[in-house]
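Data block below; observations after.
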Amino acid sequence: MMNKPIIFALPGNEALAHSLIVSLKAEKGEAEIRRFPDGESYIKVKSDLTDKDAILVCTLHQPDDKLLSLYFFCNTLKDFGAKKITLIAPYLAYMRQDKLFNPGECITSELFAKLISSLVDKLITIDPHLHRRTGLDEIYSIPTQVLHVATLISLWIKENLTNAVLIGPDSESEQWVSAVAKAADSKYLILEKTRRSDNEVTIKVPEVVQPDLHTPVLVDDIISTGITMAETIKQLIKTGYRSPVCIGVHGIFATNAYERLLKSGADRVITTNTIPHPTNQIAIDELIRTALQ
Ligand code: R5P
């Protein structure tokens, strides 16, 4: 482990930072981060950083609102003596625009990776949306460490559900659904999704004999608008399944996504705490602590 790291939280990340400070017996980084009335940022690092390795906890949903503070903060840490900065971003944004879908588009995942690589020395994250990429090192030029929650999710399923059948809404989800199913000793089913626009998807559910015998557990990496899961829930119920339990690794819950899932017939919605939300029931703290040791 690094020598006595000092751990800072960007606003909204205090709970995870606190848990890491306690479990690692690390120093709590003191800083003032606030906005002026005109919306500009004020940053002041109060801790002595001379020759210290800094760990910065900042999950990156709604990234555009956070990037400038992150840029100012990382540069200030370095200006005041931090030897090395490790960014803990349990949710890593901008992973989905990973190719040119239409001429003229920006491949944001590449530029975002370039920017983060210029700010910190190492990145630790949880299950990033690696769809067409085999690893973060394809776009990040700093060392990266990817942690996986499949075992934690399967443990939650084993402890809380009986006769679960895991369901992934699309081929992209197969990588995590199959890993969770394997660890939970459950069967799994991957559906066919066609995304028509940001707000419209169609899902095809195959006919299954006696679907109501199982507890359907929908598993996906990201719940953003909730449209993928909501549409899947509706189709599953139409096919004769019971109300599914919905598990998302990263619960972004854009606008009314959570209410949308409950209205569509979800039995319950469960997420990990990569993004703080009332649905957090699977804690990633220990996973990160171990990675830092
Ligand atoms: C797809 O690429 C992802 O794995 C998720 O299925 C998707 O991001 C969910 O988005 P939404 O909640 O907006 O349908």
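The values are calculated or read from the model by the stated rules, or taken from the named source; none is laboratory data. Remember, it's a predicted structure, so these values are computed and weren't measured experimentally. Every residue, glycine among them, receives a Cβ derived from its backbone with ideal geometry; neighbour counts consider all protein chains shown. Heads up: the accessible areas ignore ligands, DNA and RNA and are worked out on the full protein's heavy atoms, side chains in. Shrake-Rupley method; radii C 1.70, N 1.55, O 1.52, S 1.80 Å.
Summary table
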quantity	calculated
Residues being out of contact with any strand residue (DSSP E or B) (no Cβ under 8 Å at 6 or more places or on another chain) and assigned to a loop (DSSP other than H, G, I, E, B) - total across the stretch 139-153	2
Contacts under 8 angstrom Cβ, first residue in the stretch 271-293 being open to solvent by 50 Å² or more (accessible area, probe 1.4 Å), partner of a type in the set (Gly, Ala, Ser) and assigned to a helix (DSSP H, G or I), 6 or more apart	PRO276/ALA15; GLU286/SER23
Output for the stretch 151-177, where each listed residue is within 15 Å of the ligand (Cβ to nearest atom) and open to solvent by less than 20 Å² (accessible area, probe 1.4 Å)	ILE153, LEU166, ILE167, GLY168, PRO169, ASP170, SER173, VAL177
When residues of the stretch 178-218 are limited to those that are part of a helix (DSSP H, G or I) and within 17 Å of ILE157 (Cα to Cα), the one farthest from the ligand (Cβ to nearest atom)	LEU213
Those residues of the stretch 219-259 which are without any contact (Cβ under 8 Å) to a residue 60 or more places away in the chain, over 14 Å from LYS204 (Cα atoms) and more than 9 Å from the ligand (Cβ to nearest atom), in sequence order	ARG242, SER243, CYS246, GLY251, THR255, ASN256, TYR258, GLU259
Test: residue in the stretch 66-76 that is part of a strand (DSSP E or B) and farther than 21 Å from THR274 by Cα	no
Qualifying residue in the stretch 125-135 (condition: aliphatic (A, V, I, L, M), surrounded by 20 or more Cβ atoms within 10 Å (Cβ to Cβ), modelled with pLDDT of 95 or more and under 17 Å from GLY251 (Cβ atoms))	yes
Residue under evaluation ILE252, criteria (1) crowded, with 18+ Cβ neighbours inside 10 Å; (2) touching a Leu at 6+ places or on another chain (Cβ under 9 Å), criterion not met	(2)
